[in-house]
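No value in this document is a laboratory result; all are computed from the given coordinates. Just so it is clear, the model here is predicted, and its values are computed rather than measured. Here Cβ is always computed from backbone atoms with ideal geometry, including for glycine, and neighbour counts include all displayed protein chains.
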Amino acid sequence: DDIFDLTFDENLNLPKIQKAEVAERIQNFQNDRAVELIKNNLEVELTRNGEVIIVTVPADELFAPNDTVLLKKSSEVLNKFLKFTQAPGFYKLLLVMHSDNTGTHEYSSRLTSARVSSVFDCFYANGSTQSVVPYAFGDIQPLNDNNSMEKRRLNRRLEIYIVPGEEMLEQAKSGKVTGKTIIKKRK
């Protein structure tokens, strides 16, 4: 399947990991990556039984209000994810931009679409986007009620889903992806 033709849910849930032993290797490996991201002061959680990392970045760390041009300081955050694009097929990065419900639904949809395109373009300019898929969700998935400035601020966010790719799955099957590191082949 071409990852760019898949829905967000399809991309989030593929590849399916059938064997418990393989799943455990990937979960432990992803847990180690999550710990590294937390040490970089990022908001991190795990989903899909610990196989997928979600990093939430407040939109105000990336954009000025109602703007779609990345702030200069945004590279400090986004550069932390470039390593996940260096080995296409090992990971998929799903970029999901959200907004609050200020303004019309059409406005928030256009805003999040332009913003996620800016983030995608940043990845394109600095690495590979072969495994990076952008999604604009507008205001349809708020974390909080939009009844205060702070709650609206929290709803405006970029979520970066770090999903195992087919290559990680293959390496986990052969025991090269383990709980702590990727085991390098001997020459």
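Ranking G103, F81, Y135 by how far each Cα lies toward the positive end of the dipole of the range 65-187 (charges on Cβ) leaves F81 at the top. For the options P134, P15, P65, a Gaussian network treatment of the chain with springs between C-alpha atoms closer than 10 Å singles out P65 as fluctuating the most.
Mind telling me which of T104, T112, T68 comes out most flexible in a GNM of the chain, alpha-carbon contacts under 10 Å? Looking only at T104, T112, T68, the biggest GNM fluctuation is shown by T104.
Students often check this: by mean Cβ neighbours within 10 Å, which of 121-129, 92-100 ranks highest, and how do the rest follow?
Working: 121-129: 15.6, 92-100: 24.2.
So the peptides 121-129, 92-100, ranked by packing, come out 92-100, 121-129.
Of all beta bridges that DSSP places with both ends in the chain, some 75 percent have antiparallel geometry. Projecting the Cα atoms of A64, A23, C122 onto the charge dipole of the chain (Cβ charges, centred on the Cα centre) puts A23 farthest toward the positive pole. Under 13 Å from a label point set 7 Å out along the Cα-to-Cβ vector of E43, the amide N atoms of the range 139-174 belong to 142-145, 150-160.
Only helices reaching 24 angstrom along their own axis (Cα) with mean Kyte-Doolittle hydropathy no lower than -0.5 count here, and for the DSSP H runs of the chain these are 105-126. Given a 10 angstrom Cα cut-off, can you work out which residue in N31, N155, N144 is the most mobile in a GNM of the chain? Between N31, N155, N144, it is N144 that shows the largest mean-square fluctuation. Restricting the calculation to Cα atoms, the range 1-77 yields a radius of gyration followed by a Dmax of 15.7, 46 Å. Per residue, the convex hull spanned by the Cα atoms of the chain measures out at 123 cubic angstrom.
Only residues of the range 118-133 count here: report those whose backbone N is under 19 Å from the spot 7 Å along Cα→Cβ of T102, or say none. Zone members listed by number: none at all. Evaluating 6.51 cos²θ - 1.76 cosθ + 1.60 at θ = phi - 60° for every residue in the range 130-137, the Karplus couplings come out as 4, 10, 10, 10, x, 9, 10, 9 Hz, glycine and proline recorded as x. Distance from the Cα centroid of the range 1-71 to that of the range 110-128 is 17 Å (rounded to whole angstrom).
How large is the dipole of the chain about the Cα centre if only Lys and Arg carry +1 and Asp and Glu carry -1, each at its Cβ, rounded to the nearest 20 debye?
The dipole magnitude comes to about 960 debye.
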